[in-house]
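Report on the following structure.
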Amino acid sequence: MDFSHISVLLKETVDGVFTDPKGIYADLTTGGGGHSLELAKRLNGGRLVCFDQDPDAIKAAGERLKGYPVTFVKRNFRELREALKELGIEALDGIMADLGVSSYQLDTAERGFSYHNDAPLDMRMSGEGLSARDVVNEYGFEELRKILYEFGEEKFAPKIAQGIVNARAAKPIETTGELAEIIKSSVPAAYRREKNPCRKSFQAIRIEVNSELEALETVLNAGFDSLKRGGRMAVITFHSLEDRIVKNRFRDFCTGCVCPPEFPVCVCGRMPRGRLITKKPLTAGRDELSENSRSRSAKLRIIEKTE
């Protein structure tokens with residue numbers, strides 16, 4: 001199995017999170033194992049825990065990281081606390097998370113992530129539970145509209161949601177190709193000429209299927225709490241919704257007193273718990289952009305725990 005995936009912002013991420021060759025680290029989105037391999041090469045007495053809910057990713061990364069001090073965990077990263085407890089790990093020196101869908105998942109048509117190929121509607125990263133077919137055929141108009149608007153930031157969400165409802169009244173929507181045609185026929189011709197109108201809707205449905213934003217909120221809190229003092233967390237995002245969540249949560253970790261400005265002295269006692277390593281997100285340079293077009297929307301934010 002060729003789980004091909006070009007790791008985005010590879011050196012920047014591993015340089016940013018690596019602090020001790022004897023430390024314990026976690027890669028929350030192992031994928032093809034690119035970031036994990038780069039970090040594992042630097043260990044000398046340390047340990048790496050690799051999470052991924054995709055069984056194909058775990059299998060491929062297991063082959064790539066053979067011989068390194070790595071423990072694989074086939075679970076969603078929202079279960080970080082439980083997994084670390086089961087492994088007897090009290091604290092981590094560093095955490096990495098690349099929130100993008102892997103090239104393998106996008107390019108493997110039968111996974112149902114891409115609107116470029118006609119395949120069964122799926123989009124499940126774990127291969128289990130709610131699928132894109134379930135969402136498209138069972139959600140009501142208002143649920144669909146809300147998902148498309150909030151998770152896809154799609155301005156034509158009402159028209160697309162109505163198009164889906166109308167189409168499935170005749171027959172169930174079974175494939176990515178069918179869904180793509182419904183989306184295209186539901187938006188103005190000028191919008192279709194400007195860009196592929198399917199991108200935002202497919203993103204929105206994928207986020208809903210995998211509960212991605214909810215899982216991200218959970219793991220940011222659990223991950224930061226799991227860091228030891230001086231430990232770092234590096235997160236790569238690929239769209240504004242994810243980046244906004246990471247930016248706001250990191251800022252909250254770094255915020256001290258929240259008393260009203262008219263108070264003469266602090267009574268809340270709140271102290272900053274971290275410091276930003278990246279004041280602004282790091283993005284791909286010219287060379288990386290020329291080699292991997294999918295890196296164009298990647299943003300890397302890094303925080304260090306100080307408490």
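I need every pair where a residue in segment 271-298 that is closer than 10 Å to V8 by Cα has its Cβ under 8 Å from the Cβ of a residue that is among the polar types (S, T, N, Q) and modelled with pLDDT of 95 or more, sequence separation at least 6 or different chains.
Correct list of pairs: A298/T237; A298/T283.
So, in segment 77-99, exactly how many residues are of a type outside the set (K, R), surrounded by 17 or more Cβ atoms within 10 Å (Cβ to Cβ) and within 13 Å of G223 (Cα to Cα)?
The number of residues fulfilling the criteria is 11.
Given the criterion outside any strand (DSSP E or B), more than 23 Å from R78 (Cβ to Cβ) and open to solvent by 70 Å² or more (accessible area, probe 1.4 Å), identify the matching residue among P272, P261.
Just a single option satisfies the conditions, and that option is P261.
Condition test on A26, is it over 19 Å from A298 (Cβ atoms), in contact with a Phe, Trp or Tyr (Cβ under 7 Å, 6 or more places away or on another chain) and of a type in the set (G, A, S)? Please lay out each step first, then the result.
Working: over 19 Å from A298 (Cβ atoms): yes; in contact with a Phe, Trp or Tyr (Cβ under 7 Å, 6 or more places away or on another chain): yes; of a type in the set (G, A, S): yes.
Yes: the conditions hold for A26.
So, in segment 125-138, exactly how many residues are farther than 24 Å from L99 by Cα and either touching a Cys at 6+ places or on another chain (Cβ under 6 Å) or open to solvent by 40 Å² or more (accessible area, probe 1.4 Å) (or both)?
Qualifying residue count, segment 125-138: 1.
Of all residues in segment 287-307, count the ones that are part of a helix (DSSP H, G or I) and farther than 20 Å from L99 by Cβ.
Going through segment 287-307 one residue at a time, the tally reaches 3.
What are the residues in segment 232-241 that are under 29 Å from E86 (Cα atoms) and open to solvent by 10 Å² or more (accessible area, probe 1.4 Å), if any?
R232
Which members of segment 275-286 meet the condition of being surrounded by 11 or more Cβ atoms within 10 Å (Cβ to Cβ) and in a helix (DSSP H, G or I)?
none
Would you confirm whether or not segment 100-116 contains a residue that is open to solvent by 50 Å² or more (accessible area, probe 1.4 Å), touching a strand residue (DSSP E or B) at 6+ places or on another chain (Cβ under 7 Å) and at pLDDT 95 or above?
no
Can you say whether G256 is small (G, A, S) and within 21 Å of R81 (Cα to Cα), as far as the supplied structure shows?
Answer is no for this residue.
So which residues in segment 144-177 are more than 24 Å from the chain's Cα centre (by Cα), assigned to a helix (DSSP H, G or I) and free of Cβ contacts under 8 Å to residues at least 24 places away in the same chain?
The answer is P158, A161, G163, N166, A167, A169, A170.
Determine the pairs where a residue that is at positive phi and surrounded by fewer than 24 Cβ atoms within 10 Å (Cβ to Cβ), located within segment 16-43, has a partner that is assigned to a loop (DSSP other than H, G, I, E, B) and modelled with pLDDT under 95 with Cβ atoms under 8 Å apart, the partner being 6 or more residues away or on another chain.
As it stands, the answer is none, since no pair meets every condition given.
What's the total number of residues in segment 130-143 that are under 30 Å from K74 (Cα atoms) and either touching a residue at least 40 places away in the same chain (Cβ under 8 Å) or part of a helix (DSSP H, G or I) (or both)?
9
How many residues are over 20 Å from the mean Cα position of the chain (by Cα), surrounded by 16 or more Cβ atoms within 10 Å (Cβ to Cβ) and in a helix (DSSP H, G or I) when one looks only at segment 180-215?
Matching residues across segment 180-215 total 6.
Would you mind telling me which numbered condition in (1) open to solvent by less than 50 Å² (accessible area, probe 1.4 Å); (2) touching a Ser or Thr at 6+ places or on another chain (Cβ under 8 Å) R229 fails?
Unmet for R229, out of (1) open to solvent by less than 50 Å² (accessible area, probe 1.4 Å); (2) touching a Ser or Thr at 6+ places or on another chain (Cβ under 8 Å): (1).
Outside any loop (DSSP other than H, G, I, E, B), at positive phi, open to solvent by less than 50 Å² (accessible area, probe 1.4 Å) and not hydrophobic (A, V, I, L, M, F, W, C), is that true of G223?
No: the conditions fail for G223.
Consider A298 against the criteria (1) over 30 Å from T176 (Cβ atoms); (2) in contact with a strand residue (DSSP E or B) (Cβ under 7 Å, 6 or more places away or on another chain): it satisfies all of them except one. Which criterion is unmet?
(1)
Every residue, every condition in (1) closer than 25 Å to D225 by Cβ; (2) part of a loop (DSSP other than H, G, I, E, B); (3) of a type outside the set (S, T, Y), yes or no:
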{"residue": "K11", "(1), (2), (3)": "no, no, yes"}
{"residue": "S36", "(1), (2), (3)": "yes, no, no"}
{"residue": "L43", "(1), (2), (3)": "yes, yes, yes"}
{"residue": "L48", "(1), (2), (3)": "yes, no, yes"}
{"residue": "G62", "(1), (2), (3)": "no, no, yes"}
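One residue is enough: does segment 150-167 have a residue meeting the conditions of a type in the set (F, W, Y) and surrounded by fewer than 22 Cβ atoms within 10 Å (Cβ to Cβ)?
The first filter runs over segment 150-167 and keeps only residues of a type in the set (F, W, Y), leaving 151, 156.
If we keep only those that are surrounded by fewer than 22 Cβ atoms within 10 Å (Cβ to Cβ) as well, we get 151, 156.
So far as segment 150-167 goes, yes, one or more of its residues are of a type in the set (F, W, Y) and surrounded by fewer than 22 Cβ atoms within 10 Å (Cβ to Cβ).
The values are calculated or read from the model by the stated rules, or taken from the named source; none is laboratory data. Predicted model only: the values in this text are computed from it and were never measured. Glycine also receives a Cβ, built like all others from the backbone with ideal geometry; neighbour counts cover every protein chain displayed. Just the protein is used for accessible areas: all its heavy atoms, side chains included, with ligands, DNA and RNA removed. Shrake-Rupley method; radii C 1.70, N 1.55, O 1.52, S 1.80 Å.
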